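Nothing in this text is a laboratory measurement; each read-out follows from the coordinates by a stated rule. None of the values given here were measured: they were computed from a predicted structure. Ideal geometry is used to build each Cβ from the backbone, glycine not excepted, and the neighbour counts take in all protein chains shown.
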């Protein structure tokens, strides 16, 4: 907490921790790479990004190449319909990643999130959640622009301005009360509004459910986050660590009950998460596509 | 001449009648679906927010679930293609178990929703059913978007599905069951024993 507040006094930087229904919370690659990148400046950062993109490409190629990770396509028409509905070509691999993530989560993030909920009172948790959300607002803004939705982009922009000033650096969601409630957007959804299909479902270790498209969108979001372009310093570094750790714990804590319930009630929790994730992503993309509100805000008319 | 006139007249009348009913029906269906969800929501919220004990709340909710939710239709939907391969005895046993599991899941959640309220939006036709939008306001938590799918195919309006933030609960459940059955050699008996286990576990976890 104190580290976090101390970091805030300095012009800060943070990565957009996209809050998604990932379940596992999102562990940021930056977390491990930060000390190196800050030591030798931006070129390392660029290299890291290139490396990250390279990993993604390599990952895609490996996925395409390795047949033992690919679920066999059923011949029975009913089973085939089910297979297509699940959209899970890499099910054997995904299940391995899921099982690994659940085991690791059980002994790491879940107890931490539980302790956080137990120790930190609701108003404080809410403020920290607001802060995480506000710091990600630029990413939402750029994606709204990318999706060609000026009204949504305007909302995100106004939210950012109001919350950073009147909301004391994002700790209070003042914009919500001023008639600008939060809306989600990310690279995967922007690509979806461009008509790009989701591609097969993926379960990314410790990051949760995704698809090929959403994985690429996640990479794009890192590039869209202005925090990645702010000059580095010790205060920034401190803030960044605190912010990332905060974001991960906050996201995990938000889904404590949902995930416990899925683990308890579902016969096949993996399939339940897969189904719910894909339906919700589709609904989110449709909501953006069907948002035809006028560009100017209501009070202007 | 006369025949063609009659035919044209008949056709015209049919089209006009079709149009009229097409215009008139959705409006009234939408209204009745909205009114139905409104009354169902009000009754549920009253029980949830009351000072009754968990067991008493459960007792009060049960008749509402029986009259306003088409549990059997949801159960059949959730079993998907395996409904056809199941024997009549298996179907009956499955529906019985499904009903218990569903009731347990819903009544377990009643305690979590203390202080809840909702606002109701409009209804839109969804296939043969009506979809009614509601926003759930929970204390200390973000608002949740719930869509109720109301079907009148059984004669009276009944809930056949709920979409939580865009995810259909019955579709998610069907994919859960389908995947489970598939992993157990496509045997319906596998899901029956799994559901039986769930019901048993619930009984031992919370006696009474």
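This table checks each residue for (1) touching a strand residue (DSSP E or B) at 6+ places or on another chain (Cβ under 9 Å); (2) at negative phi; (3) surrounded by fewer than 16 Cβ atoms within 10 Å (Cβ to Cβ).
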site	(1), (2), (3)
A:94	yes, yes, no
A:128	no, yes, no
A:145	no, yes, no
A:150	no, yes, yes
A:155	no, yes, no
A:163	no, yes, no
A:175	no, yes, no
A:185	no, yes, no
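Tell me, yes or no, whether the stretch A:276-290 has at least one residue that is over 18 Å from residue B:168 (Cα atoms) and in contact (Cβ under 8 Å) with a residue 24 or more places away in the chain. The answer is yes, given that some residue of the stretch A:276-290 is over 18 Å from residue B:168 (Cα atoms) and in contact (Cβ under 8 Å) with a residue 24 or more places away in the chain.
For (1) more than 24 Å from residue B:66 (Cβ to Cβ); (2) within 12 Å of another protein chain (Cβ to nearest Cβ); (3) within 18 Å of the chain's Cα centre (by Cα), each residue gets a yes or a no:
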residue: B:154; (1), (2), (3): no, no, yes
residue: B:163; (1), (2), (3): no, yes, yes
residue: B:166; (1), (2), (3): yes, yes, yes
residue: B:186; (1), (2), (3): yes, yes, no
residue: B:189; (1), (2), (3): yes, no, no
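Out of A:202, A:267, A:220, I need the residue that is under 21 Å from residue A:137 (Cα atoms) and crowded, with 16+ Cβ neighbours inside 10 Å. Which one? It is A:220.
Here's the yes/no breakdown for (1) under 27 Å from residue A:83 (Cβ atoms); (2) without any contact (Cβ under 8 Å) to a residue 12 or more places away in the chain; (3) surrounded by fewer than 18 Cβ atoms within 10 Å (Cβ to Cβ); (4) more than 14 Å from chain A (Cβ to nearest Cβ):
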{"residue": "B:52", "(1), (2), (3), (4)": "no, yes, yes, yes"}
{"residue": "B:59", "(1), (2), (3), (4)": "no, yes, yes, yes"}
{"residue": "B:66", "(1), (2), (3), (4)": "no, yes, yes, yes"}
{"residue": "B:80", "(1), (2), (3), (4)": "yes, no, no, no"}
{"residue": "B:101", "(1), (2), (3), (4)": "yes, no, no, no"}
{"residue": "B:117", "(1), (2), (3), (4)": "no, no, yes, yes"}
{"residue": "B:121", "(1), (2), (3), (4)": "no, no, yes, no"}
{"residue": "B:138", "(1), (2), (3), (4)": "no, no, yes, no"}
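One residue stands out in the stretch A:65-96 among those that are touching a residue at least 12 places away in the same chain (Cβ under 8 Å) and under 20 Å from residue B:80 (Cβ atoms): the one that is nearest to the other protein chains (Cβ to nearest Cβ), namely A:86. For the condition surrounded by fewer than 21 Cβ atoms within 10 Å (Cβ to Cβ), within 12 Å of chain B (Cβ to nearest Cβ) and closer than 30 Å to residue A:154 by Cβ, residue A:138 does not qualify.
Helices (runs of 4 or more DSSP H) fully within the stretch A:177-287 that include at least 1 residues being out of contact with any helix residue (DSSP H, G or I) (no Cβ under 6 Å at 6 or more places or on another chain) and within 14 Å of chain B (Cβ to nearest Cβ): A:234-254, A:256-265. Among the residues making up the stretch B:147-168, those that are buried (at least 19 other Cβ atoms within 10 Å of the Cβ), touching a strand residue (DSSP E or B) at 6+ places or on another chain (Cβ under 6 Å) and under 30 Å from residue A:117 (Cβ atoms) are B:147, B:163, B:168.
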